Amino acid sequence: MEAALTNYIRALRAAGTGVSTTEAIDAARTLDIVGYDQRDVMKTALGAVLAKSVEEKDIHDRLFDLYFSPSNTKIDPDKAATDQEDEAADQTGPEPRDEADRFMDMAQAADSDRVAMALQQAGSAVGADNIRFASQTSFLTRRILEQIGVKALEARLIDRLGQHTPQANAEAEAMMAARAALQQKARAFVEGRFEMFGRAAQETFMNEVVTERAINALSRTDMARMKHVVARMAKRLAVKHARRRRVKNRGQLDIRRTLRANAGHDFIPFDVVWKFKRKDKPKIVAVCDVSGSVAQYVRFLLLFLYMLREKVTDLETFAFSGNLTDVGQTLLTHEFDSAMNQIIFKVGASSTDYGQSLDDLWSRHAALIDHRTTVLILGDGRSNNADPRLDLMRELADKAKRVVWLCPEPEASWGSGDSCMLQYRPFCTHVSHIATAADIERAIDDMLMAYD
């Protein structure tokens, strides 16, 4: 059963759990003690060893019930080859049974363990455990049937159908029923393998696709998936930057103060003095253009930021098309999609005016901006030929820690028509073009790096 445990651990890893080599060794030792006979005991024991969080415990419970089904626990894959050889030896004699006969025997067998073992052997031979997409199910099902002998059965079936006799027709019906029965079992086996080994890989692939897809090209289905993708991205960023701060908090050795403190010990450093560089906690003021097509980009940016609330506790959010509006309370007190719809409906209907939004920010909310504030602006910089108020942009840049501008338009379009991006760029610490959710993730990552 060592092969079964190894494959089960591989399934856990494919599903997103971080099973280490040490934990895998502990699992093998655990099963040496509890054995494979009592499924409930085995499930609890493996869960205690392999699952380190509530999420991983849920994954373990689901995969365990799939992988260690009652029939599977009675089958030892390590004996599969030996049993197959013994079966072949039993069928040698004056009139050996061909593959079609063995296929019929398998389809009509009352011993479910025998069928399960045959499917496992055939699945292993065709690489069913390497399934990655649901679309591979039919192909792998056919390959498994071929391993069991369906081609020989189909050749005999064609022969019987061509004879046009009552006996031949009855044999043909029996063969078609046998093929359908084993096909159903083989398909169920492959679908189980997909649930164990493939679904997580397929989800990862689909998540990567939508992450790199242009935000303005996302479909309704993509938008539903992106909620979960953004949540994972935000969690990854929070863990990453929390770890960086813990590492940097160790400080650096202050050699001068250490030598001075140990002058009475002939400068032997019994007392070590560390110097620490004070790091600001993230403080972000987000100013978002919610007019027109820019609104979709704002939706993902704000979703990112509000998923990072544990990391970015000091966050102020404003939206504008004409006048600037504080939307922080709306986002906090409503479900996110509902909040965004309200914001776009109430704020996004006016003619876009970046100069007016800067005036509103400076006149009403200047107290929010200090030496540790990152002002994060998302917009295309198109202000309908209104005054861009570069004077306020200069004062903003002088007062804030950083000014980061995320523009949905490519750089080649900056400065064309009513775009003020080239005028605003000198006052920004960083300006970047964003087209995908991955671009937004990288921009927020870079922004948080300034606080690590």
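The values are calculated or read from the model by the stated rules, or taken from the named source; none is laboratory data. A quick note: this is a predicted structure, and the numbers were derived from the prediction, not measured. For neighbour counting, all protein chains shown are included, and Cβ atoms are generated from backbone atoms with ideal geometry for every residue, glycine included.
The table that follows gives values for the structure above.
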| quantity | calculated |
| --- | --- |
| Test set (1) on the phi > 0 side of the Ramachandran plot; (2) in contact with a Lys or Arg (Cβ under 6 Å, 6 or more places away or on another chain) - G292 fails condition number | (2) |
| Scan of segment 401-423 for residues that are within 19 Å of T373 (Cα to Cα), touching a residue at least 60 places away in the same chain (Cβ under 8 Å) and surrounded by 20 or more Cβ atoms within 10 Å (Cβ to Cβ), ordered by number | L406 |
| Residue match in segment 434-448 (condition: under 30 Å from S219 (Cα atoms), outside any helix (DSSP H, G or I) and modelled with pLDDT of 95 or more) | no |
| Residue within segment 362-377 that is free of Cβ contacts under 8 Å to residues at least 60 places away in the same chain, closer than 27 Å to K227 by Cβ and of a type in the set (G, A, S) present | no |
| Count of segment 329-345 residues which are outside any helix (DSSP H, G or I) and loosely packed, with under 14 Cβ neighbours inside 10 Å | 1 |
| Per-region count, segment 366-394, residues of a type outside the set (G, A, S), surrounded by 16 or more Cβ atoms within 10 Å (Cβ to Cβ) and under 16 Å from Q423 (Cα atoms) | 8 |
| Qualifying residue in segment 157-167 (condition: surrounded by 15 or more Cβ atoms within 10 Å (Cβ to Cβ) and touching a Leu at 6+ places or on another chain (Cβ under 7 Å)) | no |
| Pairs with Cβ under 6 Å, 6+ apart, first in segment 96-122 and closer than 18 Å to M176 by Cβ, second among the β-branched types (V, I, T) and at pLDDT below 85 | none |
| In segment 132-145, the residues that are surrounded by 15 or more Cβ atoms within 10 Å (Cβ to Cβ) and assigned to a helix (DSSP H, G or I) | Q136, T137, L140, T141, R142, R143, I144, L145 |
| Matching residues, segment 299-330, being under 29 Å from the mean Cα position of the chain (by Cα), farther than 18 Å from A238 by Cα and at pLDDT below 90 | R299 |
| When residues of segment 146-178 are limited to those that are of a type in the set (S, T, N, Q) and part of a helix (DSSP H, G or I), the one farthest from Q202 (Cα to Cα) | Q167 |
| Some residue of segment 343-354 being under 28 Å from M233 (Cβ atoms), of a type in the set (A, V, I, L, M, F, W, C) and under 30 Å from the mean Cα position of the chain (by Cα) | yes |
